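The values are calculated or read from the model by the stated rules, or taken from the named source; none is laboratory data. These numbers were taken from a predicted model, which means no experiment stands behind them. When we count neighbours, we look across all protein chains shown, and the Cβ atoms used for this are built from the backbone with ideal geometry, even at glycine. Heavy atoms of the whole protein, side chains included, go into the accessibility calculation; ligands, DNA and RNA do not. Shrake-Rupley method; radii C 1.70, N 1.55, O 1.52, S 1.80 Å.
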Amino acid sequence: MRKPIVAGNWKMNKTVADALKLVDGIKQQLKDESKVDVVLCPPFTALAAVGEAIKGTKIDLGAQNMHAEKSGAFTGEVAADMIRELGCHYVILGHSERRQYFKESDEIVNKKAKAALAAGLIPIVCVGELLADREGGKTEAVVGTQVRGSLAGLSANDMLKTVIAYEPVWAIGTGKTASPAQAQEVHAFIRKVLKEMFDETVAQSVRIQYGGSVKASNAKELFGQPDIDGGLIGGAALEAQSFIDIVRGAL
Ligand code: 13P
């Protein structure tokens with residue numbers, strides 16, 4: 001049985017003061033949702049404060065990115081050990097915004113995933129097709145290439161720890177959600193690729209989140225699909241009530 005995982009990707013939102021208000025709201029309303037792993041991914045600047053604020057709760061902390069190298073002359077970058085030290089258990093890697101605006105290739109994402117795992121972090125590796133890919137019938141080709149490239153060379157053991165997030169780029173921040181059937185189809189396809197790369201146990205055990213305009217109103221149906229194990233939430237994670245309602249959609 002795969003445990004659902006719902007993560008809030010706050011992107012470049014929330015000062016420390018705003019982050020603490022949001023965490024407070026989430027903590028007040030989150031009761032015994034122990035059947036779901038709940039992860040908050042604030043910007044780097046709020047990691048320490050949010051990490052402190054969630055101590056003693058079941059909420060986990062995640063970063064939105066990291067560099068693949070352990071240290072060195074990489075101005076503006078942050079290494080795995082640095083986010084680990086602030087209490088992060090997770091790190092989002094290869095988000096489509098990183099791929100699009102910061103030119104992250106599958107090769108870079110792969111290096112980062114290996115560095116994250118070596119540092120004891122759980123990578124949430126994002127994949128997803130552009131609208132043109134979908135319209136051109138290339139969804140499986142694109143997603144398959146991303147999965148194979150981003151996860152190349154991982155041991156089965158490391159893969160079992162890793163989380164995949166399927167986020168169709170056309171559904172991110174657009175209000176256009178993939179239908180549950182559309183999302184399910186790609187999730188099942190990702191498991192097929194994992195079976196080819198690893199084995200059936202890995203394919204059936206890895207958690208695959210859906211992301212892209214998830215809201216309280218559509219979360220339950222999306223998360224109810226057989227191969228969808230929770231979600232990676234952007235806009236709707238910036239407000240306590242809507243995030244909690246989405247978490248409950250995974251129960
Ligand atoms: P939205 O939920 O705002 O569409 O963003 C999804 C996302 O990119 C999460 O990583």
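Does the stretch 188-203 contain any residue that is within 15 Å of the ligand (Cβ to nearest atom) and either open to solvent by 10 Å² or more (accessible area, probe 1.4 Å) or hydroxyl-bearing (Ser, Thr, Tyr) (or both)?
In the first step, residues of the stretch 188-203 are kept if they are within 15 Å of the ligand (Cβ to nearest atom); the result is none.
No, because not a single residue in the stretch 188-203 is within 15 Å of the ligand (Cβ to nearest atom) and either open to solvent by 10 Å² or more (accessible area, probe 1.4 Å) or hydroxyl-bearing (Ser, Thr, Tyr) (or both).
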Kindly indicate whether any position in the stretch 11-20 is touching a Gly at 6+ places or on another chain (Cβ under 7 Å), assigned to a loop (DSSP other than H, G, I, E, B), of a type in the set (D, E, K, R) and buried (at least 18 other Cβ atoms within 10 Å of the Cβ). yes
Inside the stretch 69-107, can you point out the residues that are closer than 14 Å to Ala118 by Cα, within 18 Å of the chain's Cα centre (by Cα) and open to solvent by 30 Å² or more (accessible area, probe 1.4 Å)? Arg84, His89
Could you please tell me which pairs satisfy a Cβ distance under 6 Å, a separation of 6+ or placement on different chains, a first residue in the stretch 102-119 that is of a type in the set (Val, Ile, Thr), and a second residue that is assigned to a helix (DSSP H, G or I) and crowded, with 18+ Cβ neighbours inside 10 Å? Val109/Ser150
Checking the conditions here, which among Ala132, Ala165 is of a type outside the set (Ser, Thr, Tyr) and without any contact (Cβ under 8 Å) to a residue 12 or more places away in the chain? Ala132
Can you name the residue in the stretch 207-228 that is more than 11 Å from the ligand (Cβ to nearest atom) and open to solvent by less than 10 Å² (accessible area, probe 1.4 Å) and, of all such residues, is nearest to the chain's Cα centre (by Cα)? Ile208
Say we look at the stretch 7-21 and pick out the residues that are among the charged types (D, E, K, R) and at negative phi; which of these is nearest to the ligand (Cβ to nearest atom)? Asp18
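Restricting attention to helices (runs of 4 or more DSSP H) lying wholly within the stretch 79-187, give those where 3 or more residues are more than 16 Å from the ligand (Cβ to nearest atom) and out of contact with any strand residue (DSSP E or B) (no Cβ under 7 Å at 6 or more places or on another chain). First the steps, then the outcome.
On the way: elements: 80-85, 96-101, 106-118, 131-135, 139-150, 156-161.
Here the list reads 80-85, 106-118, 131-135, 139-150, 156-161.
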